[in-house]
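Following: one structure in structure tokens, then a few remarks.
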């Protein structure tokens, strides 16, 4: 899974060994008040499991600590009572949740850093509830992410936030939240022109207020039109070319991958990695044919006479995939998807993916090839919403320098070279052998060698 998890959720996943939520998105942000609220929510989850002998103490601890949201809120009388109640011998896991809620409330009251007591409270709750805690906890973290933003920006809502339905990113930061309120209405938190705003109305009105670039994402999340991306399990075969060669052009034909290495023509079987003879007069395939109406240069992309809006230049690759146009720009570390009318549908930033992405390459199939050379070499296949659908570790300590790429539609080829040796490095044949559970799980198989070579991928 490429998305970073909140440390509370990550701790519960590690303790329960449960699978992570599907597409958790950007890491939720909480502050002192919402950490206390989260600890109180955890107490609610275990309230029915408190042993009878501890129920009175549990209820009193929660009643005193749960309302705390700001500095200096607890009075001396309340603090003294909390201290007197915090001395049970060998408490049950359920009562430990309430005791840790008290610790978090006192931290908030003193304006100290919160979070650690809530994480331990989540672990105690996991002892009681097991893996059944994971999905509700994930949804509560998403809700509190929106609550935190509202409180920090001092935005008011007509009712409490009951659920976060969707979050949208502009660049690397979350800038939009679609929330359901306790009264059944909906709201949209958005940052526009440097200002935070809260809109209130029906769900469809809020969806209509989302920018065009994020429309496909919110519609898919709310209406379920976009299926969860399944992760392909990818195997790899190492192909080792002669030493001291660097591929400058690649091609693939059927089960054979070809490479020009200076004046030499080399070929390998893409499934086994065995060398093959390369007919010297056979021209290399040039990849997908040019698309009528699609023209581009380093600084501009024209699609049916319309200039596509890009906040940066340095365009490196443009392809058409169905009714979309995919543009890699900003030296390959950003990628944008546009519809037939030239409206932006989505944007991927290499920093958003969770790896040290060096290059994003749009594919003629509509997927995105992401290459992360450092520290160990990683190839990711993404969908246009930046969700990982394929992954393989190259098994190389550090790679970089010269790379070349071939997109043949049904087969891809990547050659990359080590800066120190100048050799062509080949991670092998990447062939999907089934699909994952759709929960972000992967089953990558490391390469059997870190020797130089060429990578190919068949879908």
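Side notes on the structure shown:
- Rough spin-label spacing in nm, given labels placed 7 Å along Cα→Cβ, for residue 56 and residue 181: 4.2
- Three-way shape label, the range 7-139, alpha-carbon gyration tensor, a/c 1.5: oblate
- FRET efficiency, residue 197 to residue 7 (Cβ-Cβ, R0 25 Å, nearest 0.05): 0.25
- Global form of the range 82-140, assessed from the alpha-carbon gyration tensor, a/c cut-off 1.5: oblate
- Projected label distance in nm at residue 323 and residue 341, using a 7 Å step from Cα toward the beta-carbon: 1.1
- Cut-off 19 Å, label 7 Å out along Cα→Cβ of residue 304, residues of the range 316-332 by amide N: 318-327
- Computed label-point distance, nm, for sites residue 312 and residue 219 using a 7 Å Cα→Cβ extension: 2.8
- Overall form of the range 154-223 per C-alpha gyration tensor (a/c, 1.5; a/b vs b/c): oblate
- Each part reduced to its alpha carbon centroid, the range 65-93 and the range 143-181 end up 30 Å apart.
- On full extension, the segment bounded by residue 83 and residue 131 gains 14.1 nm, given 0.36 nm per residue less the C-alpha separation.
- Residue list for the range 107-133, given a label point 7 angstrom along the Cα-to-Cβ vector of residue 14 and an amide N cut-off under 20 Å: 114-133
- Nearest-0.05 FRET efficiency for residue 139 and residue 75, computed from C-beta distance (R0 25 Å): 0.15
- Sequence-separation-based contact order of the range 7-139, relative, with Cα cut under 8 Å and 6+ spacing, percent: 41
- As a length-normalised measure over Cα pairs under 8 Å and 6 or more apart, the relative contact order of the range 154-223 settles at 25 percent.
Here, each number is a calculation from the coordinates, and none is a lab measurement. Quick caveat, the model's predicted, so the values are computed rather than measured. Positions of Cβ are backbone-derived with ideal geometry, glycine not excepted, and every protein chain shown enters the neighbour counts.
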